[in-house]
Amino acid sequence: MRPTTGLACQTPLSAREFAITAHGEQMYGAQPYVFHLDQVVENLAGFGPLAETIGYLHDVVEDTSTSLDEIAEKFGALVAECVALLTDEPGSDRKERKAKTYQKLASVSGHAELALIVKAADRLANVKACIADRKTSLWNRYREEHPAFRAAAYRSGQCETLWSQLDHLLREDAFDAGIEI
């Protein structure tokens, strides 16, 4: 999937620097937030620099004061469209936010499907972190959400290795099975 339009002259490295500045002192558990971003991008190895750029920027609109206009200006229209797709919709609680977001993801097509690959890489990074940090309740939440998440974001043949890992790490006995992550 190689889009021909909508990419400004920015690289994953410039996206990483932008995201580090935008997230500031925000933490991901006990780690600086860039730890999570690097894990997402590591999961995106082989999907190209555009996927990596989106991987670094996937949370900046949701979690910082960064606007989609800023993303479009610095990184192009397609990156901004993908970041918008990856930004949770408003809702009164997590269940409502995720239901609205999954509905949005279910209708994605064309070049914007790159957002779905990034979303799978993000969820995989989150699930791996839950297991590594022994966060049972959060892992259980991801496990409960998985059928709806998969129904919305999975596209056959798109990023099978990410989905295979995610499905494996969310199976019933995975948390306590000593699975290699």
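Computed from the coordinates by the stated procedures, all read-outs in this text should not be read as laboratory data. Quantities reported herein were computed from a predicted structural model and do not represent experimental measurements. FYI the Cβ positions are ideal-geometry reconstructions off the backbone, even for glycines, and counts take in every protein chain you see.
Data for the structure
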quantity: Enumerated helices (runs of 4 or more DSSP H) restricted to the stretch 7-93, each holding at least 3 residues that are within 28 Å of residue 135 (Cα to Cα) and touching a Pro at 6+ places or on another chain (Cβ under 8 Å); calculated: 49-57
quantity: Test set (1) crowded, with 17+ Cβ neighbours inside 10 Å; (2) touching a Lys or Arg at 6+ places or on another chain (Cβ under 6 Å) - residue 91 fails condition number; calculated: (1)
